[in-house]
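Everything on this sheet refers to the single structure shown next.
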2 protein chains.
Amino acid sequence: MTDAKRAAVAAADWGTTRLRVWLLDAAGGVIAERRSDEGLLAAQPDRFEAILERQLAEMGAPVSLPVVICGMAGSRQGWVEAPYITVPASLGEIFGAAARVPATARDIRIVPGLAQRDADRPDVMRGEETQLAGALARLGAGRHLACMPGTHSKWVELADGAVAGFQTFMTGELFSVLSAQSILRHSVDAEAKVDAASPLFARWCENAVASPAPLETSLFRIRAATLLQGLEGADAAAALSGLLIGAEIVAARARFAVESGPVVLIASGAMRDLYAEALGLAGFAATIIDADEAVRGGLAEAARHMGMTGDAA
Amino acid sequence: MTDAKRAAVAAADWGTTRLRVWLLDAAGGVIAERRSDEGLLAAQPDRFEAILERQLAEMGAPVSLPVVICGMAGSRQGWVEAPYITVPASLGEIFGAAARVPATARDIRIVPGLAQRDADRPDVMRGEETQLAGALARLGAGRHLACMPGTHSKWVELADGAVAGFQTFMTGELFSVLSAQSILRHSVDAEAKVDAASPLFARWCENAVASPAPLETSLFRIRAATLLQGLEGADAAAALSGLLIGAEIVAARARFAVESGPVVLIASGAMRDLYAEALGLAGFAATIIDADEAVRGGLAEAARHMGMTGDAA
């Protein structure tokens, strides 16, 4: 508890299904961390402040400690809406538009999400912009292509410290919905942990990359391979994962007009391993940045930028 | 009931969720029809004969009337397995491989499904082969491209009275699973009837055809359009339907190497109207064959071919 007195700011990543809170020192170092499943769904409509205060109290945070938040807490269904900033957008523009939560004892601010208001490819992100800020602190200026796997994977073009454009891929959600709810549930063991070293993952991923086919038809090949070739269970889960991630990479390649070369992979855990394997199979050289470190770094960056740590950028 | 004495054969389309039975005269004309929700799921594992006999009794069918069946009743989980016939396959090969149900008083036969045992595009159908037989009786020889919308749409290449190759698209199932279970459920009214005259259906379909994009990314545009442009409810359902059907047509165009021209659309009801509109938007000229008539015609053709009507082909 005594360490908490060193805290310069509290930082929270508040998503749809989970909440993570950290106490950070002036250099962005972690003093304490709490994880909870009190995401947006549990906090709606008016429990945001109570939940946050309880988490902070558990960590012994001083009552005047400022808090910076990213994620769905800033959506219209969240605590206070932090309206989308239109890309291209620099970090300064993003952090400068943070929403201040009114009528709280502390200084609490929420980082806005990003919108791509292109009529042909409307897109949104909320939370990933903060991970990108953390990654940029390590990557520096220049052009970078980032891959951020997840329920809704984002591929992002970074140029000179700004977010130039991005594209969402529903890869993770397609895996979970199709493996549990569609005819593929008879093939796929939806509970199986897919291992990046699985030969089935590699084979279906390589095939998706080498012979691209639209998902609406390639997905049914999992079913047909069950009936005709005995593909099932954990092997079918690995095949479906390889197929979907391979198809995502092919689509991102077309969108960002790159055939190979470096990609910044911002990910943690099993997703990091699967995407690192898949990007390698597709001829990309992945530089890995841990997603948890990136979001903490980005929140610290946001707090500094907004002068919340007494150490303004 | 007296009409039932004229019946030459009983015909059944026995799918996963529904059963339809007809009494047909020697010319394939319908004498009586029954529809039931006693599909494969209700009939497993040993109620097939009891369900069929009750339906036949309700129609007054003579006890010696032979029965020809197509659909999932012939799958491994069905009544008696009628193993897949490998394409290319002629109607004679398909009907010649029908499975006879053993130890029944009547002559009962089940038409097999088709398998495409191509390592790169394994695929299966069961039930549609019989619709195709019915359609071919009207189309005659030559090359035809058929589009058969459904939960799992099939596009089929017919050449000189045989099934040359085919491809499945999970279009209908993607619509139902994504609109009810994914993040798109917040945008789409999954219960809305999509009207082929909806401007949203046309706009999203045209866009999918004119600017093809992979589904894993274009699907998320529905979500983004809700957040950024207010797309929701029945309009979002029409948009999702247009997007998915447009993407199916683009993918089928690539698979069968056709840009435009004639397509045989084998469909009924709302699906017929939506696909007719979409095919028109994509530059195809659709010849419509009613799917219900096609399956009855195909079953009559199968019965004739197998000599079940005393009038062998």
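The values are calculated or read from the model by the stated rules, or taken from the named source; none is laboratory data. All figures in this text were calculated on a predicted structure; none of them were measured in a lab. All Cβ positions, even for glycine, are placed from backbone atoms using ideal geometry, and neighbour counts span all protein chains on display. Areas reflect the complete protein model, heavy atoms only, side chains present, ligands, DNA and RNA absent. Shrake-Rupley method; radii C 1.70, N 1.55, O 1.52, S 1.80 Å.
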In the list A:ARG304, A:ARG272, A:ARG296, A:ARG253, which residue meets the criterion of being among the basic types (Lys, Arg) and open to solvent by less than 40 Å² (accessible area, probe 1.4 Å)?
A:ARG253
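Filter the stretch B:251-282 down to residues that are among the aliphatic types (A, V, I, L, M) and free of Cβ contacts under 8 Å to residues at least 40 places away in the same chain and give me whichever is farthest from the other protein chains (Cβ to nearest Cβ).
If we take residues in the stretch B:251-282 being among the aliphatic types (A, V, I, L, M) and free of Cβ contacts under 8 Å to residues at least 40 places away in the same chain, then B:ALA257 is farthest from the other protein chains (Cβ to nearest Cβ).
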Do we have any residue at all in the stretch A:108-123 that's away from chain B (no Cβ under 14 Å), crowded, with 24+ Cβ neighbours inside 10 Å, closer than 20 Å to A:THR168 by Cβ and touching a Lys or Arg at 6+ places or on another chain (Cβ under 8 Å)?
no
For the stretch A:200-242, which residues satisfy the criterion of being surrounded by fewer than 24 Cβ atoms within 10 Å (Cβ to Cβ), over 16 Å from A:ARG185 (Cβ atoms) and of a type in the set (A, V, I, L, M)?
A:LEU200, A:ALA202, A:VAL209, A:ALA210, A:ALA213, A:LEU228
In the stretch A:222-278, the residues that are at pLDDT 95 or above and among the hydroxyl-bearing types (Ser, Thr, Tyr)
A:THR226, A:SER241, A:SER268, A:TYR275
With A:ALA27, A:ALA4 as the choices, which residue is open to solvent by less than 10 Å² (accessible area, probe 1.4 Å), farther than 28 Å from B:ILE183 by Cα and modelled with pLDDT under 95?
A:ALA4
Pull up the stretch A:84-126, narrow it to residues that are among the aliphatic types (A, V, I, L, M) and farther than 21 Å from A:ALA10 by Cβ, then point me to the one that is modelled with the lowest pLDDT.
A:ALA119
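Does A:ALA237 satisfy the criteria of being within 16 Å of A:SER179 (Cβ to Cβ), touching a residue at least 24 places away in the same chain (Cβ under 8 Å) and not polar (S, T, N, Q)? So that I can check it myself, show each step before the final result.
On the way: within 16 Å of A:SER179 (Cβ to Cβ): yes; touching a residue at least 24 places away in the same chain (Cβ under 8 Å): yes; not polar (S, T, N, Q): yes.
Here the answer is yes, as A:ALA237 does meet what is asked.
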Determine the pairs where a residue that is part of a helix (DSSP H, G or I), located within the stretch A:194-207, has a partner that is among the basic types (Lys, Arg) with Cβ atoms under 9 Å apart, the partner being 6 or more residues away or on another chain.
A:TRP204/A:ARG221
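Of everything in the stretch A:219-228, what is assigned to a helix (DSSP H, G or I), within 16 Å of A:ALA238 (Cα to Cα) and facing another protein chain (nearest Cβ under 7 Å)? Give them in sequence order.
Residues satisfying the conditions are A:PHE220, A:ARG221, A:ALA224, A:ALA225.
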Quick check: is even one residue across the stretch B:144-164 without any contact (Cβ under 8 Å) to a residue 24 or more places away in the chain and within 10 Å of chain A (Cβ to nearest Cβ)?
yes
Residue count, the stretch B:184-199, condition within 13 Å of chain A (Cβ to nearest Cβ) and open to solvent by less than 30 Å² (accessible area, probe 1.4 Å), comes to 2
Going by what's in this entry, would B:ALA12 be described as open to solvent by 40 Å² or more (accessible area, probe 1.4 Å) and touching a residue at least 40 places away in the same chain (Cβ under 8 Å)?
no
Of (1) within 11 Å of chain B (Cβ to nearest Cβ); (2) outside any loop (DSSP other than H, G, I, E, B); (3) at pLDDT 95 or above, A:GLU216 satisfies every one except (3)
How many of the residues in the stretch A:126-152 are open to solvent by 30 Å² or more (accessible area, probe 1.4 Å) and of a type in the set (A, V, I, L, M)?
3
Among (1) farther than 30 Å from A:ARG138 by Cβ; (2) open to solvent by 10 Å² or more (accessible area, probe 1.4 Å); (3) at the interface with chain B (Cβ under 9 Å from one of its Cβ atoms), which single condition is A:GLU173 missing?
(1)
I'm told B:ALA267 meets every condition in (1) open to solvent by less than 20 Å² (accessible area, probe 1.4 Å); (2) under 23 Å from B:LEU23 (Cβ atoms); (3) not polar (S, T, N, Q) except one. Can you identify the failing condition by its number?
(2)
How many of the residues in the stretch A:37-89 are of a type in the set (A, V, I, L, M, F, W, C) and under 19 Å from the mean Cα position of the chain (by Cα)?
11
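So, of the residues in the stretch A:174-193 that are free of Cβ contacts under 8 Å to residues at least 40 places away in the same chain and part of a loop (DSSP other than H, G, I, E, B), which turns out to be nearest to A:GLU216 (Cα to Cα)? Give the steps one after another, and end with the answer.
First pass over the stretch A:174-193, keeping only residues free of Cβ contacts under 8 Å to residues at least 40 places away in the same chain: A:176-177, A:180-182, A:185, A:191.
Then drop every residue that is not part of a loop (DSSP other than H, G, I, E, B), which leaves A:182, A:191.
On the way: A:SER182: 12, A:GLU191: 23 Å.
Taking the candidates together, the pick is A:SER182.
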Looking only at residues that are touching a Phe, Trp or Tyr at 6+ places or on another chain (Cβ under 8 Å) and more than 23 Å from B:GLY28 (Cβ to Cβ) in the stretch B:73-94, which one is most open to solvent (accessible area, probe 1.4 Å)?
B:TRP79
Which is closer than 29 Å to A:LEU114 by Cβ, of a type in the set (A, V, I, L, M) and more than 14 Å from chain A (Cβ to nearest Cβ), of B:ALA237, B:ALA285?
B:ALA237
Please go through (1) in contact (Cβ under 8 Å) with a residue 40 or more places away in the chain; (2) in contact with a helix residue (DSSP H, G or I) (Cβ under 9 Å, 6 or more places away or on another chain); (3) within 14 Å of chain A (Cβ to nearest Cβ) for B:ALA291 and return the number of the only condition it doesn't satisfy.
(3)
